[in-house]
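In what follows, a single structure is set out as structure tokens and then discussed.
The values are calculated or read from the model by the stated rules, or taken from the named source; none is laboratory data. Just so we're clear, the structure is a prediction, and the values are computed from it rather than from any experiment. Glycine also receives a Cβ, built like all others from the backbone with ideal geometry; neighbour counts cover every protein chain displayed.
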């Protein structure tokens, strides 16, 4: 089946191929680069022979011809695990690409379903740290809350849309970028989620550090471990990630569970040396009803997962500082950032409750929290 590339995505792929072919460290000439790439892509011999007589010294012309040809050829008959374009991009990934180009190529492969083998597709997502969908049985956690959204089946159907048949490449790229800000918070055998909001500043729920009235908030803060980059490896096990403790000041600002349920933590300074860990930006506007809401989190203390909803916001209650939604989550997700489709934080996820027709969630609007923590973000 012909791959239907958006014009901008076609231009992006062509640009990456042109850039690589023009780099003398990759090959002496553009012709040599494209010959090597198509051989590494395991394309049929007649195709390689046809290409061999068409390469020129014009890197952009070669790249355009290769992409145009690949998108029209469908499945690679020499390797049925791939669309032809997938074979080429998979071969390109095995080269040493700059980080942004690597993320883009991975996003293209995943968004356009260019790998047809499910196991290999999952391996690519894991190897290049594309967060995987969350799975699990919903249970109640976090503070109790009153569901303000619809209760009737007909009204609720509008908030449970079926998954899209494809993912937008730019969406996946930004998800990969934002995943660097998210950490798993480990307090003994209790887990939560947090995210970097400024250098050495992590935001999470107050109740993550004080789960029960008997818990000692300060003691839990002292023994908390913040683990960034805790993902599933290509072998299926959990990567160790980067581990940090809190600085002696521990907590810069807080609001109790029954209030805004947040804690702004100060991380030890060595995190500032990790340039790959970048803060998540806040959204300037409130989310709208039936707008997308996406969560990066550590459900059940597992490796990082991605939960998506194209229109999951059921209601926004600015006066109370709350937003409610149906985007999937589970215990361990407390303290997760809730993003809009531009990958800006709109809320701090903090609770879930089961209903007869499903489960619902609630978060604290980031605008309400920002007023309290802004002095510490400079």
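A few points about this structure:
- With respect to the stated conditions, residue 250 is without any contact (Cβ under 8 Å) to a residue 40 or more places away in the chain and touching a helix residue (DSSP H, G or I) at 6+ places or on another chain (Cβ under 6 Å).
- Hits in the range 328-371 - residues which are assigned to a helix (DSSP H, G or I) and surrounded by fewer than 24 Cβ atoms within 10 Å (Cβ to Cβ): 367, 368, 369, 370, 371
- Every residue from the range 261-270 that is buried (at least 24 other Cβ atoms within 10 Å of the Cβ) and touching a helix residue (DSSP H, G or I) at 6+ places or on another chain (Cβ under 6 Å): 261, 262, 263
- Scanning the range 7-28 for residues that are out of contact with any helix residue (DSSP H, G or I) (no Cβ under 8 Å at 6 or more places or on another chain) and over 18 Å from residue 91 (Cβ atoms) turns up 7, 8, 11, 24, 28.
- Residue within the range 3-24 that is under 16 Å from residue 105 (Cβ atoms), in a loop (DSSP other than H, G, I, E, B) and in contact with a strand residue (DSSP E or B) (Cβ under 7 Å, 6 or more places away or on another chain) present: yes
- Only one of the listed residues (188, 236, 229) is at pLDDT below 95, crowded, with 18+ Cβ neighbours inside 10 Å, on the phi > 0 side of the Ramachandran plot and in the same structural domain as residue 140 (by TED's automatic domain parsing). That residue is 229.
- Count of the range 102-138 residues, restricted to those that are in contact with a helix residue (DSSP H, G or I) (Cβ under 9 Å, 6 or more places away or on another chain), surrounded by fewer than 21 Cβ atoms within 10 Å (Cβ to Cβ), at pLDDT below 80 and outside any helix (DSSP H, G or I), is 5.
- Residues that are within 14 Å of residue 91 (Cα to Cα), assigned to a helix (DSSP H, G or I) and touching a helix residue (DSSP H, G or I) at 6+ places or on another chain (Cβ under 8 Å), drawn from the range 29-77: 33, 34, 35, 37, 38, 39, 40, 66, 67, 70
- Residue match in the range 313-327 (condition: closer than 17 Å to residue 144 by Cβ, under 16 Å from the mean Cα position of the chain (by Cα) and assigned by TED's automatic domain parsing to the domain that holds residue 146): no
- Residue 316 satisfies every condition listed in (1) assigned to a loop (DSSP other than H, G, I, E, B); (2) in contact (Cβ under 8 Å) with a residue 40 or more places away in the chain except (1).
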